[in-house]
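All remarks here apply to the structure that follows.
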Amino acid sequence: MTVATSQAVIDVSNLVTHYGDHKILDDVSLTVTAGEIMVIMGGSGSGKSTLLRYLLGLHSTYGGEIRLFGKDITTLGSREWMEIRKKIGVSFQGGALFNSMNVGENVRMPLREHTALDENTMKIMSRMKLEVVNLAGYEHLMPAQLSGGMIKRAALARAIVMDPSILFFDEPSAGLDPVVSADLDNLILRIRDAMNVSIVVVTHELDSAFKIADRITVLDRGRILMVGTVDEVRNSDNPRIRNLLTRTSEDELVDANEYLHRLTEGAMRI
Amino acid sequence: MATDIRPNRFRQLSEAIGRKFVSGIEEFGYGAVLLVESTLWLLVGHWMQQRVRISAVAQEMMTIGVQAIPVVTILAFANGAMMAMQGIYTLRDFGAESQVVSGIAMSVTREFGVLIAGIVVAGRSGSAIAARIGTMQMAQEIDALRVMGVSPVRYLVSPILAAMLLMMPLLAILSDAMAILGGGAISVFELHISLETYLTRVYAALAPGDILQGLAKSVVFAVLITLVATSNGFNASGGAEGLGRATTRSVVLCIAAIVVADMIFTFFLSR
């Protein structure tokens, strides 16, 4: 699949990150084009959540480039960053709704901070977004009064209230039952069609990934195993991808010396 | 065998001390950056289209200042009364118990009034602020603010700093007044003087410098409590237990910081 760089809204090249001495992401490159749904898939500890945090600019990088809308966010000044941040929306894993505000105030928060709209316009805009996520009439409830699925949908309404060009989802189906998470998948598809946004979804749920993805990036131990369409990933014969798809546990080869070293480390003075 | 353990232990100890020292310096630097950034937002946020909201400042002033009034009143009154009792008891031996009035006036305005206000605010708000910001940190609310393009320092720290700077001096004045009144209540009974006489003597004993010294301290306390509480909140991690630890640490450090700062201040100002 060839993608013209000019169309790419997200363009990551050779990203390397460390956590202490531990390498988390190693030479990760990927592009997301306008209007595309890219699913970043991988097991626990594959580095997919870390990758998302870097895409959101929550950490500074050690090496490589991350371009959003053609601008390298690792070198951006705070003002330019601010302009870019107005164009991205994020739905966090736990929703991250502000607990001290009700649903309506949560959704209006980005408008209040970034626009000079009057109160009534903001109210109408926030209600429109709450309609989109089927939460009309719930704007006076506090986050603590909502169910898990409602929290995710309210967070989604907040993420799309500024009409972003890129929408990020961190584990959208985590902690939800299959029916609610299928609803959320449909909602993601509907929002893409209605608003023509690029969507990046980080998940380990196979069903959800196959349902919504245009392309899937499979991460494994900080490296990209493959980038491809749903069918390409399904038919891949890479053993580690097969394990992920068939939910097979992995038997790792045991290095006897290493094993002995782990057991005795610090316990014996030799 | 024993010979090769000792150097190890020594090394571990020195490493631990070194790490603590470095993390202490790090924390100090973090606080300094927080102070500069939150002050900058207060001063220039308006021009950067990132205003510090007056409503947020007002809300913080309510919780930090206004709601602390009853406790400050009671503690300051009781403390003033105790100082009068102890003062009269000790000075009676010298037949100088009437001097207790100037003693109370000076020590309250220079020292104890503001210290009581500081400790009350540290206890109430030092824990509450750390807990609130810590909870937000763990629920990814701080990340949510950042990706929305809202500076967490501007949104959370600046209103607290402004409210503290406005309310601490007022609480210190209230505390001064209540402690002097508490001393008066005891003096009226024990020294058989009228409240009016007592207040006149207090007034005569005080110089503007005494009250200003207390007010200057209150400003320093305001900054210290804000920085210690917010930085502990931002650095909280490790679930409910970590939150508890951050909250406790915040209160203890707040009180320690204001008492030590008070001592240093007094050392230089009373020379």
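The values are calculated or read from the model by the stated rules, or taken from the named source; none is laboratory data. Since we're looking at a predicted model, the values are computed, not measured. With ideal geometry, Cβ positions are generated from the backbone for all residues, glycine too; neighbour counts draw on all protein chains shown. Remember, those area values only see protein heavy atoms, side chains included, never the ligands or the DNA or RNA. Shrake-Rupley method; radii C 1.70, N 1.55, O 1.52, S 1.80 Å.
Quick rundown of the values:
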item	result
Segments classed as helices (runs of 4 or more DSSP H), wholly inside region A:183-270, with at least 2 members that are in contact (Cβ under 8 Å) with a residue 60 or more places away in the chain and in contact with a Lys or Arg (Cβ under 8 Å, 6 or more places away or on another chain)	none
Members of region A:70-84 found to be β-branched (Val, Ile, Thr) and within 9 Å of chain B (Cβ to nearest Cβ), listed by number	A:Ile84
Residues that are more than 15 Å from B:Ser231 (Cα to Cα) and within 17 Å of the chain's Cα centre (by Cα), drawn from region B:147-162	B:Ala162
Complete set of residues in region A:49-65 that are within 14 Å of chain B (Cβ to nearest Cβ), touching a helix residue (DSSP H, G or I) at 6+ places or on another chain (Cβ under 7 Å) and more than 16 Å from B:Gln140 (Cα to Cα)	none
A:Leu135 vs. criteria away from chain B (no Cβ under 12 Å), assigned to a helix (DSSP H, G or I), buried (at least 20 other Cβ atoms within 10 Å of the Cβ) and within 24 Å of the chain's Cα centre (by Cα)	no
Check on B:Gln12, within 14 Å of chain A (Cβ to nearest Cβ), at pLDDT 90 or above, surrounded by 10 or more Cβ atoms within 10 Å (Cβ to Cβ) and assigned to a helix (DSSP H, G or I)	no
Any hit, region A:36-56, residues being more than 15 Å from A:Val202 (Cβ to Cβ), over 12 Å from the mean Cα position of the chain (by Cα), surrounded by fewer than 19 Cβ atoms within 10 Å (Cβ to Cβ) and in contact (Cβ under 8 Å) with a residue 24 or more places away in the chain	no
Residues that are more than 7 Å from every other protein chain (Cβ to nearest Cβ), aliphatic (A, V, I, L, M) and buried (at least 23 other Cβ atoms within 10 Å of the Cβ), drawn from region B:130-146	B:Ala130, B:Ile133, B:Met136
Single unsatisfied condition, B:Gly29 versus (1) within 14 Å of chain A (Cβ to nearest Cβ); (2) over 30 Å from B:Ser175 (Cβ atoms); (3) in a helix (DSSP H, G or I); (4) open to solvent by less than 50 Å² (accessible area, probe 1.4 Å)	(1)
Lone unmet requirement of (1) assigned to a helix (DSSP H, G or I); (2) closer than 30 Å to B:Arg201 by Cα; (3) open to solvent by 30 Å² or more (accessible area, probe 1.4 Å) for B:Tyr155	(2)
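Residues checked against (1) out of contact with any helix residue (DSSP H, G or I) (no Cβ under 8 Å at 6 or more places or on another chain); (2) modelled with pLDDT of 95 or more; (3) part of a helix (DSSP H, G or I):
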| position | (1), (2), (3) |
| --- | --- |
| B:Phe77 | no, yes, yes |
| B:Gln86 | yes, no, yes |
| B:Val101 | no, no, yes |
| B:Val108 | no, no, yes |
| B:Ile119 | no, yes, yes |
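Residues are listed down the side, and each one gets a yes or a no for (1) within 18 Å of B:Ala122 (Cβ to Cβ); (2) open to solvent by 50 Å² or more (accessible area, probe 1.4 Å); (3) of a type outside the set (A, V, I, L, M, F, W, C):
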| site | (1), (2), (3) |
| --- | --- |
| B:Ile186 | no, no, no |
| B:Tyr203 | no, yes, yes |
| B:Leu215 | yes, no, no |
| B:Gly233 | yes, no, yes |
| B:Ala257 | yes, no, no |
| B:Phe265 | yes, yes, no |
